[in-house]
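J.: Sending over a structure as structure tokens; questions will come in a sec.
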Amino acid sequence: MGQKVLLSSKEINIILHRLACQLLENHEDFKDTVLIGIQPRGIYVAERLVKILLKEYKVKHIDLGFLDITFYRDDFRRGEKTLEATKTKINFLIEDKKVVLIDDVLYTGRSINAALTALQSFGRPKEVELLTLIDRRFSRHLPIQPNYRGRQVDAIDNEKVKVMWKENDGEDLIYLINR
């Protein structure tokens, strides 16, 4: 099993700043836009983006929520391991808002499909966009594409993208691991 560094901490930071600029360009003051990080690992991307937008680009307010998709996944009862839910935290209305779903890696599209289904429990958004840090473009099972993409990776099925975050793993690094 070999691994190769895809993105260093510095490169991740540059990409997050670019993604923040793209969001700012399309959503201006975020008055009608909410950001929702998909649990568990999309929350790190979402929190970092909000921090950049608030501190460096002086956006006054951004609604940030976290969405748990555990019980909406189509593989929920397939594995032998019991899945544990995390906590959904959306304490604002999404009705008629522009929603930006945020995740770390877009692989098959099944997690995003589950997130879209889970989101319906909170109302009907005006529009939904997708932001992913890593897009594994040749692995899709569903016709789902990101509106905002940090880096596109052409990984084959026996390769895994592992995203490490300082808050959780002690360092910011993204690896491509050969299983």
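The values are calculated or read from the model by the stated rules, or taken from the named source; none is laboratory data. Just so we're clear, the structure is a prediction, and the values are computed from it rather than from any experiment. Counting neighbours? That spans all protein chains shown, and the Cβs are built from the backbone with ideal geometry, glycine included. Remember, those area values only see protein heavy atoms, side chains included, never the ligands or the DNA or RNA. Shrake-Rupley method; radii C 1.70, N 1.55, O 1.52, S 1.80 Å.
J.: For the chain, what % of the accessible area comes from carbon and sulfur atoms, probe 1.4 Å? It would help to have the intermediate numbers written out before the result.
T.: On the way: 4750 of 10180 Å².
For the chain, the apolar C and S fraction of the accessible surface comes to 47 percent.
J.: So if I place +1 on the C-beta of Lys and Arg and -1 on the C-beta of Asp and Glu, and nothing else carries charge, what would the dipole magnitude of the chain be about its Cα centre? I want it in debye, nearest 20. Walk me through the numbers on the way to the answer.
T.: Values: 30 positive and 27 negative charges, 38 e Å.
Charge dipole, the chain, about its Cα centre: 180 debye, nearest 20.
J.: Report the relative contact order of the stretch 35-176, percent, no decimals, based on alpha-carbon pairs under 8 angstrom and at least 6 residues apart. If you can, show how the numbers build up before the last one.
T.: On the way: 253 pairs, mean separation 29.4, N = 142.
Across the stretch 35-176, relative contact order equals 21 percent.
J.: For Lys126, list the aspartates and glutamates whose Cα falls under 17 Å from its own Cα; do not include residues on the same chain fewer than 8 positions away.
T.: Leaving aside aspartates and glutamates fewer than 8 places away in the same chain, those within reach of Lys126 are Glu28, Asp29, Asp32, Asp63, Glu95, Asp96.
J.: Give me the distance in nm between label points sitting 7 Å out from Cα along the Cα-to-Cβ direction at Glu167 and Val5, one decimal.
T.: 2.3
J.: Right, another one. Averaged per residue, what accessible surface does the stretch 1-68 expose to a 1.4 Å probe, in Å²? Intermediate values should be presented prior to the final figure.
T.: On the way: 3550 Å² over 68 residues.
With the other protein chains kept in place, the stretch 1-68 gives 52 Å² per residue.
J.: Another question about this same structure. Based on the mean of other beta carbon atoms within 10 Å per residue, what is the order of 48-56, 136-144, most packed first?
T.: Working: 48-56: 17.8, 136-144: 14.2.
Averaged packing, sorted descending, gives the order 48-56, 136-144.
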